[in-house]
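Novice: Mind looking over this structure? Questions follow.
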Amino acid sequence: MMKGITKTQKSVLLVVTLTSFMGPFLISSVNVALPAIEKELQLNAISLSWIMTSFLLSSGIFLLLAGRWADFLGHKKMFKAGTVIFLLFTFLCSFSKSGTLLITLRFLQGTGAAMLMATGPAILVREFPKERRGAVLGFTVSAVYIGLAVGPTAGGFITFYLGWQAIFFISSLLGLLVMVVAIIYLGTDKIKSDTSLLDYKGALIYALALASMVYGSSVVKTLLGQIILTGGVLLLILFIWQQGKSTVAFFPVKEFKVNRLFAFSNFAALINYSATFAIVFLISLYLQKVLDFSPRTAGSILIAQPMVMAFLSPIAGKLSDKYEPRLLASTGMLICSIGLGLFILLNAQSSVFFIIGNLAFIGFGFALFSSPNMNTIMSSVEQSKAGLASGISATMRVLGQILSMTIATAIFALFFNKQSITNIDIDVFLKGTKVAFVIFSILSFTGVYFSYNRGKLH
């Protein structure tokens with residue numbers, strides 16, 4: 001894979017791979033540290049959830065903007081700015097003395113992460129020839145899963161011995177390395193800036209829509225929450241209509257209409273993440289409540305899925321350079337659907353080997369789907385729209401993650417009311433979990449349709 005590429009290409013691949021690792025690593029490692037953060041900063045459950053939600057929310061808001069603006073301002077310029085912003089606010093997070101400050105810094109940290117996620121794949125597409133795109137994109141996807149796999153173990157270890165603040169401090173040191181390498185080797189863009197072509201009105205509508213929907217969902221039981229959620233949905237409809245009319249739109253409504261390959265690949269990604277992201281959340285609770293495992297043991301079991309993803313993603317990406325990506329991706333999504341269906345069978349006597357085997361099975365399916373799907377998205381548009389395609393793809397991932405957790409939370413609210421997980425009867429917990437996996441499995445099966453019917457790339 002590394003033969004026959006230049007020093008610059010190696011440096012570009014290094015920095016993009018490292019940034020692909022950092023975001024998921026922080027998400028998964030901070031997840032483990034939440035009880036320690038809750039205790040030290042004296043937070044309630046809602047405030048604690050916003051430490052995670054604020055990062056996802058800002059990423060979701062700014063991914064589209066960063067992808068589109070990078071097409072005009074320069075992908076490398078935007079990437080470098082993203083490394084600086086991510087490094088700065090990651091470092092400041094380690095000094096937070098209140099929940100409000102940490103939530104604010106996490107939101108700002110998410111803006112830097114969005115800039116990196118939106119531009120990294122676009123830079124790779126520009127630097128590497130078409131026949132290598134699937135392979136190099138597979139490396140970055142693999143880095144995402146390595147981050148998810150390493151995060152829980154590393155986060156638990158760091159929190160226990162050094163405190164939760166050290167997670168952010170150590171991550172900022174990695175960010176410093178990326179920033180230095182990016183500044184030295186990434187080079188500059190050969191385009192002219194023209195900020196008059198940026199759609200600020202659409203950006204504002206989109207930000208308000210997403211923020212309203214996420215916040216409204218968190219307080220949906222109240223009348224105010226329902227009003228805010230409804231307002232967010234209406235704003236989203238207004239945004240799509242406005243983007244269809246705008247001459248400087250950053251959400252490619254027209255591209256979705258005329259480019260079936262691009263549109264269906266993105267729909268498949270949105271559905272796949274919506275169906276699979278909450279798996280770790282649900283199985284983690286199952287292992288600790290129903291099987292009475294410790295968090296450390298549960299984390300060791302949950303590693304099975306991301307480890308398989310990390311190992312197989314580069315291979316799947318390379319295969320998509322030679323074989324039709326839709327066949328690989330559709331097969332992968334079908335495997336995910338079957339795996340989700342198998343988790344409906346979970347009961348109080350389920351074997352640990354069944355759980356590990358099914359997690360690995362789903363990990364195999366996800367790896368087979370994600371790299372070929374990303375290769376299709378990035379190869380289905382002109383190079384001048386690479387930043388846009390990268391931003392849309394990353395946005396679909398984040399929106400899918402948010403939707404997945406929203407579905408799980410809604411089911412919990414329906415079955416468990418206001419009880420804590422500890423006080424819920426095991427049979428009631430299993431019933432709620434089964435319903436969740438029924439919904440996710442059906443959702444995933446519908447995604448197979450979009451994946452298979454997207455059209456041919458090769």
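The values are calculated or read from the model by the stated rules, or taken from the named source; none is laboratory data. Only a predicted model underlies this, so the values are computations on that prediction, with no experimental measurement involved. Virtual Cβ from ideal backbone geometry, glycine too; neighbours counted across all protein chains shown. Each accessible area value is taken on the protein alone, full model and side chains, heavy atoms only, with ligands, DNA and RNA left out. Shrake-Rupley method; radii C 1.70, N 1.55, O 1.52, S 1.80 Å.
Novice: Do we find a residue being in a helix (DSSP H, G or I), small (G, A, S) and open to solvent by less than 10 Å² (accessible area, probe 1.4 Å) anywhere in the stretch 333-346?
Specialist: Looking through the stretch 333-346, at least one residue is in a helix (DSSP H, G or I), small (G, A, S) and open to solvent by less than 10 Å² (accessible area, probe 1.4 Å).
Novice: Also: When you check L18 against the structure, is it at pLDDT 80 or above and open to solvent by less than 10 Å² (accessible area, probe 1.4 Å), yes or no?
Specialist: no
Novice: Tell me yes or no: at least one residue of the stretch 386-404 is of a type in the set (V, I, T), in contact (Cβ under 8 Å) with a residue 24 or more places away in the chain, in a helix (DSSP H, G or I) and in contact with a Phe, Trp or Tyr (Cβ under 7 Å, 6 or more places away or on another chain).
Specialist: No: the stretch 386-404 contains no residue that is of a type in the set (V, I, T), in contact (Cβ under 8 Å) with a residue 24 or more places away in the chain, in a helix (DSSP H, G or I) and in contact with a Phe, Trp or Tyr (Cβ under 7 Å, 6 or more places away or on another chain).
Novice: Considering every residue within the stretch 197-212, establish whether at least one is more than 22 Å from A70 (Cα to Cα), surrounded by 20 or more Cβ atoms within 10 Å (Cβ to Cβ) and without any contact (Cβ under 8 Å) to a residue 24 or more places away in the chain. Explain how you work it out, then say what you get.
Specialist: Step one: of the stretch 197-212, the residues more than 22 Å from A70 (Cα to Cα) are 209, 211-212.
Now drop any that are not surrounded by 20 or more Cβ atoms within 10 Å (Cβ to Cβ), which leaves 209, 212.
Still in the running and without any contact (Cβ under 8 Å) to a residue 24 or more places away in the chain: 212.
Yes, the conditions are met somewhere in the stretch 197-212.
Novice: Please go through the stretch 213-239 and pick out each residue that is part of a helix (DSSP H, G or I), β-branched (V, I, T) and either modelled with pLDDT under 85 or surrounded by fewer than 17 Cβ atoms within 10 Å (Cβ to Cβ) (or both). Write out each step before concluding.
Specialist: Residues of the stretch 213-239 part of a helix (DSSP H, G or I): 213-218, 223-239.
If we keep only those that are β-branched (V, I, T) too, we end up with 214, 227-228, 230, 233, 237.
Once the filter is applied, which keeps residues that are part of a helix (DSSP H, G or I), β-branched (V, I, T) and either modelled with pLDDT under 85 or surrounded by fewer than 17 Cβ atoms within 10 Å (Cβ to Cβ) (or both), the stretch 213-239 yields V214, I227, T230, V233, I237.
Novice: Among the numbered criteria (1) buried (at least 19 other Cβ atoms within 10 Å of the Cβ); (2) assigned to a helix (DSSP H, G or I); (3) in contact with an Asp or Glu (Cβ under 9 Å, 6 or more places away or on another chain), which single criterion is violated by A275?
Specialist: Against the list (1) buried (at least 19 other Cβ atoms within 10 Å of the Cβ); (2) assigned to a helix (DSSP H, G or I); (3) in contact with an Asp or Glu (Cβ under 9 Å, 6 or more places away or on another chain), A275 comes up short only on (3).
Novice: Sticking with this structure for a sec: Condition (residue is closer than 21 Å to F251 by Cα, at pLDDT below 80, crowded, with 18+ Cβ neighbours inside 10 Å and of a type in the set (A, V, I, L, M, F, W, C)) applied to the stretch 403-410: is it met by at least one residue?
Specialist: Among the residues of the stretch 403-410, not one is closer than 21 Å to F251 by Cα, at pLDDT below 80, crowded, with 18+ Cβ neighbours inside 10 Å and of a type in the set (A, V, I, L, M, F, W, C), which makes the answer no.
Novice: Now a separate question. For the stretch 246-272, name all the residues that are assigned to a helix (DSSP H, G or I) and not hydrophobic (A, V, I, L, M, F, W, C).
Specialist: K254, E255, K257, R260, S265, N266, N272, listed by residue number.
Novice: Could you check, for the stretch 140-149, whether at least one of its residues is of a type in the set (A, V, I, L, M, F, W, C) and surrounded by fewer than 20 Cβ atoms within 10 Å (Cβ to Cβ)?
Specialist: If we filter the stretch 140-149 for residues that are of a type in the set (A, V, I, L, M, F, W, C), which is where we start, we get 141, 143-144, 146, 148-149.
Of the ones still in play, those that are also surrounded by fewer than 20 Cβ atoms within 10 Å (Cβ to Cβ) are none.
Checked against the condition, which is being of a type in the set (A, V, I, L, M, F, W, C) and surrounded by fewer than 20 Cβ atoms within 10 Å (Cβ to Cβ), the stretch 140-149 yields no hits at all.
Each row is one residue, and each column tells you yes or no for (1) buried (at least 23 other Cβ atoms within 10 Å of the Cβ); (2) in contact with a strand residue (DSSP E or B) (Cβ under 8 Å, 6 or more places away or on another chain); (3) assigned to a helix (DSSP H, G or I).
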{"position": "W69", "(1), (2), (3)": "yes, no, yes"}
{"position": "F72", "(1), (2), (3)": "no, no, yes"}
{"position": "F79", "(1), (2), (3)": "yes, no, yes"}
{"position": "T90", "(1), (2), (3)": "yes, no, yes"}
{"position": "K97", "(1), (2), (3)": "no, no, no"}
{"position": "L102", "(1), (2), (3)": "yes, no, yes"}
{"position": "F107", "(1), (2), (3)": "no, no, yes"}
{"position": "G112", "(1), (2), (3)": "yes, no, yes"}
{"position": "M115", "(1), (2), (3)": "yes, no, yes"}
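Novice: Moving to a separate point now. So, in the stretch 291-301, exactly how many residues are open to solvent by less than 60 Å² (accessible area, probe 1.4 Å), farther than 15 Å from L148 by Cβ and touching a residue at least 60 places away in the same chain (Cβ under 8 Å)?
Specialist: Final tally of qualifying residues: 1.
Novice: Out of curiosity, is L270 aliphatic (A, V, I, L, M) and under 16 Å from the mean Cα position of the chain (by Cα)?
Specialist: Values: aliphatic (A, V, I, L, M): yes; under 16 Å from the mean Cα position of the chain (by Cα): yes.
Criteria met by L270.
Novice: Something else now. Looking only at the stretch 117-134, filter to residues that are assigned to a helix (DSSP H, G or I) and open to solvent by 10 Å² or more (accessible area, probe 1.4 Å); which one of those is modelled with the lowest pLDDT?
Specialist: My answer is R133.
Novice: Residue check, S420 against (1) at pLDDT below 75; (2) under 20 Å from the mean Cα position of the chain (by Cα); (3) more than 21 Å from A66 (Cα to Cα), all met but one. Which one?
Specialist: (2)
Novice: Out of (1) over 30 Å from V438 (Cβ atoms); (2) more than 24 Å from the chain's Cα centre (by Cα); (3) open to solvent by 60 Å² or more (accessible area, probe 1.4 Å), the odd one out for Q288 is which?
Specialist: The failed condition is (1).
Novice: Next question, about the same structure. Among the residues of the stretch 135-147, write down those that are among the hydrophobic types (A, V, I, L, M, F, W, C) and modelled with pLDDT of 75 or more.
Specialist: V136, F139, A143, V144, I146
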